[in-house]
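The values are calculated or read from the model by the stated rules, or taken from the named source; none is laboratory data. Everything quoted here is computed from the prediction, not taken from an experiment. Here the Cβ is made from the backbone with ideal geometry for all residues, glycine too, and neighbour counts use every protein chain on show. Side chains are part of the model used for accessible areas, which takes the heavy atoms of the whole protein and leaves out ligands, DNA and RNA. Shrake-Rupley method; radii C 1.70, N 1.55, O 1.52, S 1.80 Å.
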Amino acid sequence: MRVLVLGSGGREHALAWKLKQSPLLTGLVIAPGNPGTEALGETVGVDQNDPAAVVALVKAKGIELVVVGPEAPLVAGVADAVRRAGVPVFGPDAAAARVEGSKAFAKEIMLAAGVPTAHARVFGSVEEAARAAADGGPIVVKADGLAAGKGVVVADSGAEAAVAVRALGKLPAGQTVLLEERLEGPELSVMALCDGERAVLLPASQDHKRLLDGDRGPNTGGMGAYAPARLLDEAQLEQVRQQVMVPTLRELARRGAPFRGALYAGLMLTPSGPKVLEFNARLGDPETQVLMMQTADDLLPLLFAAATGRLDERPLRLASGYAVGIVLASPGYPDAPRTGLPISGLAEGTDDEVPVFHSGTRRDGTGAIVTAGGRVLTVCARGATVVAARELALSRALRIDFEGRQLRHDIAHGAPPG
Ligand code: AMP
Ligand code: GLY
């Protein structure tokens, strides 16, 4: 089967790396890809958010399955266009991707489907929301639309919440605002491969959003992840599948927007059980990098089955132990990453045991690989324990250098012992 992976980050590099191991694969195209994907398949430039350009590429390359990585092409209707052209896609249509694109829509779906989540009120007026926020206590303020990780403020007081509402009101995404009950508890990410009706869970994982060790510093897109995160046991995970994933799929299908792709539930484990904080309509980054290392099954038939509505609900086969992924970020990240810095220590090659997935890299005029974004690389390793996995990933990560490189040394610090 000839597969196109759409996207250019570490998640897509890891998906391509895993798909490359499939005996069913006859051709792999990554678009636009990055220098790390060049060794895995044909890496071709394309505007990934342009449905017509992606359809043209699919036709030109004889692609039989498209795997969409990021949310932007999904929200832009790329999956709709490829499906209309008759080619299976792992990734939802725009109508179903709204579970990520609109937090108000996600809330509406969860309420209708009986999915446990924080209570929220939705406001179409920034002023009205600000007044309501000022009257209350600690609350979470969320912009309705996509805001590149800047759309959520956990406020300690009504006054702080009102300030947050007005600040978000300056963004296009913040014209509709949610005021949400503030929940407490550890956070866990659970993702499922979905075929519109059925859901197969990937191992639970934990991302590390803060820039610095000890969960200090500003929020980022994610500085590292590990899996499996054993904060829920098998029976509790099955409950999440049955009480979160399946009802959400049913409600979306009932509305004529079947979800075929990866449904990502950000959960908070509250004293009254897991509750959904957010949905994403795609796999997480950097969670995918470690999930690809922990999945023992061939990914290709699973993604094809999800894309064509024929998923078998049996649990995935997993590797033993744990996988840890450590992100190497640019100086200045997350506010103002500096780019164009030469990277040394990559040349040890692509080691399948300790893979280095490229997130933000490019080739300069001489062909050398330089930094090209906030998050530059994700170094992953497996081990019998999380500590062993982290030490292996860390020792490889520390042999890669660029000016001002930032990384965390404590990924998976929240993992339960064992
Ligand atoms: P979200 O993008 O909705 O996942 O929110 C980003 C982060 O804000 C989450 O990872 C949580 O740490 C925090 N958060 C979101 N919603 C809530 C809530 N209802 N209660 C407490 N913290 C929250
Ligand atoms: N790492 C969080 C996300 O991909 O949304």
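All of (1) out of contact with any Ser or Thr (no Cβ under 9 Å at 6 or more places or on another chain); (2) under 18 Å from P138 (Cβ atoms) hold for G185 with one exception: (1). Looking only at segment 216-228, filter to residues that are open to solvent by 50 Å² or more (accessible area, probe 1.4 Å) and touching a residue at least 40 places away in the same chain (Cβ under 8 Å); which one of those is farthest from ligand 1 (Cβ to nearest atom)? Ranking the qualifying residues of segment 216-228, first place goes to P218. Consider L74 carefully, then state whether it is farther than 24 Å from L183 by Cβ and either at pLDDT 95 or above or of a type in the set (K, R) (or both). Yes, satisfied. Being farther than 28 Å from L249 by Cβ, basic (K, R) and either in a helix (DSSP H, G or I) or touching a His at 6+ places or on another chain (Cβ under 9 Å) (or both): is that true of K59 here? Spelling it out, K59 is indeed farther than 28 Å from L249 by Cβ, basic (K, R) and either in a helix (DSSP H, G or I) or touching a His at 6+ places or on another chain (Cβ under 9 Å) (or both). Screening L211, L183 for residues that are open to solvent by less than 70 Å² (accessible area, probe 1.4 Å), of a type in the set (A, V, I, L, M, F, W, C) and assigned to a loop (DSSP other than H, G, I, E, B) leaves exactly one candidate, L183. Does at least one position in segment 102-110 carry a residue that is within 16 Å of ligand 2 (Cβ to nearest atom), within 25 Å of the chain's Cα centre (by Cα), of a type in the set (A, V, I, L, M, F, W, C) and open to solvent by 40 Å² or more (accessible area, probe 1.4 Å)? No, because not a single residue in segment 102-110 is within 16 Å of ligand 2 (Cβ to nearest atom), within 25 Å of the chain's Cα centre (by Cα), of a type in the set (A, V, I, L, M, F, W, C) and open to solvent by 40 Å² or more (accessible area, probe 1.4 Å).
Here the condition is being modelled with pLDDT under 95, closer than 26 Å to M1 by Cβ and of a type outside the set (A, V, I, L, M, F, W, C); of R314, R282, R310, it holds for R314 alone.
In this structure, is S395 crowded, with 17+ Cβ neighbours inside 10 Å and at pLDDT 95 or above?
no
If the requirement is being within 15 Å of ligand 2 (Cβ to nearest atom) and modelled with pLDDT of 95 or more, which of these qualifies: L202, L178, L193, L183?
Exactly one residue qualifies, and that residue is L202.
Looking only at residues of segment 283-304 that are within 26 Å of Q242 (Cβ to Cβ) and open to solvent by 20 Å² or more (accessible area, probe 1.4 Å), we find that the one that is nearest to ligand 1 (Cβ to nearest atom) is L302. Within segment 282-298, residues that are within 24 Å of A96 (Cβ to Cβ) reach partners that are more than 16 Å from ligand 2 (Cβ to nearest atom) with beta carbons closer than 8 Å, at six or more positions or on different chains, in the pairs M292/W17; M292/K18; M292/L299; T295/K18; T295/L316; T295/R317; T295/L318; T295/A319. Considering only residues in segment 120-147 that are within 11 Å of ligand 1 (Cβ to nearest atom) and open to solvent by 70 Å² or more (accessible area, probe 1.4 Å), the one that is nearest to the chain's Cα centre (by Cα) turns out to be L146. All told, L277 falls short of being part of a loop (DSSP other than H, G, I, E, B), surrounded by fewer than 23 Cβ atoms within 10 Å (Cβ to Cβ) and at pLDDT 95 or above.
From the residues in segment 174-197 that are under 20 Å from the mean Cα position of the chain (by Cα) and away from ligand 1 (no atom under 11 Å from the Cβ), which one is farthest from P88 (Cα to Cα)?
Among those residues, the one meeting the criterion is V190.
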